1. Do any residues in the stretch 214-225 that are closer than 24 Å to GLY147 by Cα and at pLDDT 95 or above have Cβ atoms under 8 Å from those of residues that are among the aromatic types (Phe, Trp, Tyr) and not in a loop (DSSP other than H, G, I, E, B), where the two are at least six apart or on different chains, and which pairs are they?
2. Does at least one position in the stretch 57-73 carry a residue that is surrounded by 19 or more Cβ atoms within 10 Å (Cβ to Cβ) and assigned to a loop (DSSP other than H, G, I, E, B)?
3. Test each condition in (1) more than 20 Å from GLN108 (Cβ to Cβ); (2) assigned to a loop (DSSP other than H, G, I, E, B) for ALA227 and report the one that comes out false.
4. Among ASP28, ASP39, ASP69, which is the only one that is farther than 26 Å from LEU146 by Cα and of a type in the set (D, E, K, R)?
5. Among the numbered criteria (1) in contact with a strand residue (DSSP E or B) (Cβ under 9 Å, 6 or more places away or on another chain); (2) without any contact (Cβ under 8 Å) to a residue 60 or more places away in the chain, which one does ALA160 miss?
6. Out of everything in the stretch 15-32 that is open to solvent by 70 Å² or more (accessible area, probe 1.4 Å) and within 15 Å of the chain's Cα centre (by Cα), what residue ends up being nearest to ASN154 (Cα to Cα)?
7. For residues in the stretch 191-216 being of a type in the set (Ser, Thr, Tyr) and part of a loop (DSSP other than H, G, I, E, B), which is most open to solvent (accessible area, probe 1.4 Å)?
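The values are calculated or read from the model by the stated rules, or taken from the named source; none is laboratory data. Remember, predicted model here, so these are calculated numbers, not experimental data. Please note: Cβ atoms are built from the backbone with ideal geometry, for glycine as well, and neighbour counts cover all protein chains shown. For the accessible areas, the whole protein counts, side chains as well, though only heavy atoms, and no ligand, DNA or RNA atoms are used. Shrake-Rupley method; radii C 1.70, N 1.55, O 1.52, S 1.80 Å.
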Amino acid sequence: MTDTLQDPEICPLGVDGVLVRFAQSLSDTANARALNFRDQAEAAAITGVTEVASSLVSVRIGFDPSATDRKTVTAAIRLLLSEPSSGDATARRLWHIPACFSADHAPQLTEAAELAGCRVDDAITQITSQQVRVIAIGFAPGQPYLGLLPEHWNIPRQSALTDMLPRGALICAVRQLIIWAAEAPTGWRHIGQTAFRVYLPDTDRPFAFQPGDAVQFAAVSDTDFAAIRNDPATNGGARCEVLR
């Protein structure tokens, strides 16, 4: 059961923004609606709009007050929402990313699997057998929130922080996965390790992912992971497949 809004909420946001919210809490349907509306708003090229940015269940429309005003932008948003979306809900890109789930690289996988009510082998199978969507990017540059996992993966965050996790850590909570952008503490559980860098500041596209991308993890051995980590030719052995 979800609380997806039949009529999205349109709210003022600061002096130069409008927020279009599709639900009060995360669901796959609400996230898909937000991503589709983001594409719709970008394609509309509304006069004076400077930014169209999606989050888990909402879209921020930023505008230049010297070029337009909130009333005009809001009217354009209402018109877009009244039109049937012609957007394609399927992902434009599919990322295949190696991940190591051995004890040395997944110190909290057993604990997370127990909370999800499954064995470790089953947990790895479940995590690698499905494609997850980049539902949002945030908290750190380029850092993706990936989901949604099945309902039994609605496991809580820890009550205390883990002092430090390495870049590329695969972490889990509340039906979502994250590839950790940089060394930092977290309350999410460390269930695997990638060598993938989500933030590439010295490139022309510093964020590897885009909201709406699909991701599928592939389990690799310690030996293969060591080789991947030491290979500078690829970003953690990842392969990006263009779907449309």
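1. Final answer for the pair search is ALA214/TRP95; VAL215/TRP95; GLN216/TRP95.
2. Checked against the condition, which is being surrounded by 19 or more Cβ atoms within 10 Å (Cβ to Cβ) and assigned to a loop (DSSP other than H, G, I, E, B), the stretch 57-73 yields at least one hit.
3. (2)
4. ASP69
5. For ALA160, the exception is condition (1).
6. So, considering only residues that are open to solvent by 70 Å² or more (accessible area, probe 1.4 Å) and within 15 Å of the chain's Cα centre (by Cα), the one nearest to ASN154 (Cα to Cα) is ASP28.
7. Among those that are of a type in the set (Ser, Thr, Tyr) and part of a loop (DSSP other than H, G, I, E, B), it is THR203.
Quick grid of which residues meet (1) modelled with pLDDT of 95 or more; (2) surrounded by fewer than 16 Cβ atoms within 10 Å (Cβ to Cβ); (3) touching a helix residue (DSSP H, G or I) at 6+ places or on another chain (Cβ under 7 Å):
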position	(1), (2), (3)
ASP88	no, yes, no
ASP121	yes, yes, no
ILE124	yes, no, no
SER129	yes, yes, no
TYR145	yes, no, no
